[in-house]
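**Student:** Got a structure for you, written out below as structure tokens; questions coming shortly.
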Amino acid sequence: MAKKGSKTRAAKKTGGDLCLRELLRVPGGRPVDLAAHDARKTPAGPRDKQAGLAALTELAAPLADLQERLWAASSAGDRRRVLLVLQGMDTSGKGGTVKHVIGLFNPSGCRVRAFKAPTPKEQGHPFLWRIKKALPHAGELGIFDRSHYEDVLVARVRSLAPPAEIERRYDAINRFEKSLTDDGVTVVKCFLHISYGEQRDRLLKRLDRPDKRWKFDVADIDDRALWPVYQQAYETALERCSTPHAPWYLVPADRKWYRNWAVSRLLLEHLSELDPRYPEADFDVAQARRRLLEQ
């Protein structure tokens, strides 16, 4: 991970010296050992859950302001938009993060897509086809609950594609994400890092609570048996696809309050760096005011 003392212009804009982007960024091209990262840690986060919930509330106003400015700028031809990619093992909190992050924004400016197993129609196209159809439009915040990375994660673990094809996909993903950033998309990729023990506890809670059993899938037990293989697949994806234009951020996710705060903070830093502006009026403001007052 990058050194904690790193500073960027975004950190100055969002207040204080904190730049969570530098702290949680996965350095691309280097081996990643997920076992070396404590999923219960709270890097640069609030001191406890109560403080974390309060800090998350404090992010609402600046995030909403930046989102409105981004949307307004698109009306004048600004093509910039943001894509939040959430990946992680089952129960890592992808859906919960979507729920809490969306709550801080105007949902009319958000485009959310949860990617499940591809349909027969989608399987008849290249693996990025369905991803391209779900990208955010200018001025929008797009959120992917799972993403194109499923095709180098599940596909690798379950041998759904030949090894040579999996290798090809890493490069295809990097080229695809570079084309997105070249076209004005800010890509924010968050790996929600949950521990083996915490996943078991969350799965047990789903079984113990009748109102949560609908979330439980017996297949989750089978996937849990493949934990080491999944961890290796994630490590490879993080190493191969954390690039300067679209880096991965490793977010400890055992503590839900920290996970929600960290993802929201990362979005704040990226939106602050974009610094979208309200467009100038393309009409005579004084004349319009006079006409209204005369009526």
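The values are calculated or read from the model by the stated rules, or taken from the named source; none is laboratory data. Owing to the predicted nature of the structure, the values given are computational and were not obtained by experimental measurement. FYI the Cβ positions are ideal-geometry reconstructions off the backbone, even for glycines, and counts take in every protein chain you see. The accessibility values were calculated without ligands, DNA or RNA, using every heavy atom of the protein model including side chains. Shrake-Rupley method; radii C 1.70, N 1.55, O 1.52, S 1.80 Å.
**Student:** Being among the charged types (D, E, K, R), under 30 Å from GLU68 (Cβ atoms) and assigned to a helix (DSSP H, G or I) is the filter here, so list the residues in the range 99-123 that pass it.
**Tutor:** Filtering the range 99-123 for residues among the charged types (D, E, K, R) gives 99, 111, 113, 116, 121-122.
With the extra rule that they be under 30 Å from GLU68 (Cβ atoms), the set shrinks to 99, 111, 113.
If the condition is that a residue be among the charged types (D, E, K, R), under 30 Å from GLU68 (Cβ atoms) and assigned to a helix (DSSP H, G or I), then LYS99 is the only one that fits.
**Student:** Turning to a different aspect of this structure: Mind checking which pairs have a first residue in the range 192-220 that is within 23 Å of LYS116 (Cβ to Cβ) and a second that is surrounded by fewer than 16 Cβ atoms within 10 Å (Cβ to Cβ) and among the hydrophobic types (A, V, I, L, M, F, W, C), Cβ under 7 Å, 6 or more apart or different chains?
**Tutor:** Pairs that qualify, where the first residue is within 23 Å of LYS116 (Cβ to Cβ) and the partner is surrounded by fewer than 16 Cβ atoms within 10 Å (Cβ to Cβ) and among the hydrophobic types (A, V, I, L, M, F, W, C), are ARG213/LEU207; PHE216/LEU207.
**Student:** Taking ASP254 as meeting all but one of (1) outside any helix (DSSP H, G or I); (2) in contact with a strand residue (DSSP E or B) (Cβ under 9 Å, 6 or more places away or on another chain); (3) surrounded by fewer than 20 Cβ atoms within 10 Å (Cβ to Cβ), write down the number of the exception.
**Tutor:** (3)
**Student:** If you scan the range 64-79, which residues turn out to be assigned to a helix (DSSP H, G or I) and within 15 Å of GLU273 (Cβ to Cβ)?
**Tutor:** Those that are assigned to a helix (DSSP H, G or I) and within 15 Å of GLU273 (Cβ to Cβ): ASP65, LEU66, GLN67, ARG69, LEU70, ALA73.
**Student:** From the list LEU203, LEU192, LEU250, exactly one residue is over 26 Å from TYR170 (Cα atoms), at pLDDT 95 or above, in contact with a helix residue (DSSP H, G or I) (Cβ under 7 Å, 6 or more places away or on another chain) and of a type outside the set (S, T, N, Q). Which is it?
**Tutor:** Working: LEU192 fails: over 26 Å from TYR170 (Cα atoms); LEU250 fails: over 26 Å from TYR170 (Cα atoms).
The conditions single out LEU203.
**Student:** Among the residues of the range 42-63, write down those that are open to solvent by 30 Å² or more (accessible area, probe 1.4 Å), closer than 17 Å to LEU18 by Cβ and outside any helix (DSSP H, G or I).
**Tutor:** Result: THR42, PRO43, ALA44, ARG47.
**Student:** Limited to the range 29-41, what total is found for residues that are open to solvent by 60 Å² or more (accessible area, probe 1.4 Å), closer than 18 Å to TYR249 by Cβ and assigned to a helix (DSSP H, G or I)?
**Tutor:** Total satisfying the criteria: 1.
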